[in-house]
1. Quote the relative contact order of the chain in percent (integer), defining contacts as alpha-carbon pairs under 8 Å separated by 6+ residues.
2. Just from its helices, what would the mean residue ellipticity at 222 nm be for the chain, if runs of 4 or more DSSP H residues each count -39500 (n - 2.57) and the sum is divided by every residue, rounded to the nearest 500 deg cm²/dmol?
3. Excluding ligands and nucleic acids, what accessible area in Å² is computed for Ser199 using a 1.4 Å probe, to the nearest 10?
4. For the chain, give the magnitude of the charge dipole about the Cα centre (Cβ charges: +1 Lys/Arg, -1 Asp/Glu; no others), in debye to the nearest 20.
5. Can you list the lysines whose alpha carbon is less than 28 Å from that of Lys176, not counting same-chain residues fewer than 8 positions off?
6. Quick one: accessible area per residue over the chain, 1.4 Å probe, rounded to a whole number of Å²?
7. Nearest 10 degrees, 0 to 90: what angle lies between the long axis of helix 200-222 and the longest principal axis of the chain (Cα atoms)?
8. Are there GluC sites (Glu not before Pro) in region 60-103 that DSSP marks as loop and that have at most 16 other Cβ atoms within 10 Å, and which are they?
Amino acid sequence: MVFILVMSLTGLQNAVTEILPEFTLGPLELGVGGFVFIPIVLVLLFRTYWAALAVPVGEIVFGEILLGEFDGLGAMEGLLLIPVCYYFAAKLLQDPENTTQLALVVFLAEALEEFFAMWIDIGKIYVGVEELEAVPGLPESILVLEGVDFVTQMAITGIVFGVLPALYLYPKLHGKVEPLLGMESFRGERGASMAGGVSVKALLALLIAVPLAFVAEAASEVGGAINVIWEPEFLDVYGQPFIAVPIVVAAAVAAIVWYRASKSPRER
């Protein structure tokens, strides 16, 4: 139930962000990469790898498959990077009442994913599987382009739609949501250091996932028989209103899971 709840709520926020407009500021394109505080807070609450894995699965199911924009190998980058980055960062939260620690963990979770994704994009340019798309007003350098994009994404998605709302939402939900799904809430230790949460397994998984994500993304750009692509392009066929389909489906799934979770153990 945790997996399905996280998957549906992540898919819901991802589908909603699809309809939000992007703005240009000189050579920069400013847009909301996602309401990342929702999946990050959920992963911090449940603190399991399965909760972290549900994040990219929700994006794939509700943000790609239901919209008819599924690229098998292209989806592997998020499927590999997001769970290990979020889980590694979540384990570092040792004092749930420490707002500074909470802010650092939320920021780190998104920063790790964006940082590795940035270097994967840079690597694709250097190995020649993707061409550099110049941005008017910026130097034609992949390092500059990706660096600027990283900074803007972290400012908008990481802080405005990540850290700030998470500082409000996590304390409100901590200790209240977990028992509904049969899990004990994480109490941590007052004044404990983040260093105590460093997980060797999580770090090893992170180091393994990054090169695998690069290989999958590079193979996606090259194409070939090994890739699975499903692109009926429902948005082009039925128009922008079709975006309501994944939103409604994701909301319905989340509501059903929440209803079942809210029932007493005897009623279940």
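The values are calculated or read from the model by the stated rules, or taken from the named source; none is laboratory data. Here the structure is a predicted model, which is why all the values come from computation and not from measurement. Positions of Cβ are generated from backbone atoms using ideal geometry, with glycine treated the same way; all protein chains shown enter the neighbour counts. We work out accessible area using only protein heavy atoms, side chains counted, and drop any ligands, DNA or RNA first. Shrake-Rupley method; radii C 1.70, N 1.55, O 1.52, S 1.80 Å.
1. Values: 380 pairs, mean separation 89.5, N = 268.
RCO, the chain: 33 percent.
2. Details: 10 runs with 156 residues, N = 268.
My calculation for the chain gives -19000 deg cm²/dmol from helical runs alone.
3. For Ser199, the solvent-accessible surface is approximately 30 Å².
4. On the way: 12 positive and 29 negative charges, 378 e Å.
My answer is approximately 1820 debye.
5. Correct list for Lys176: Lys91, Lys263.
6. Per residue, the chain has 51 Å² of solvent-accessible surface.
7. Helix 200-222 sits roughly 30 degrees off the main axis of the chain.
8. Of the GluC sites (Glu not before Pro), the ones in loops of region 60-103 whose Cβ has at most 16 other Cβ atoms within 10 Å are Glu97.
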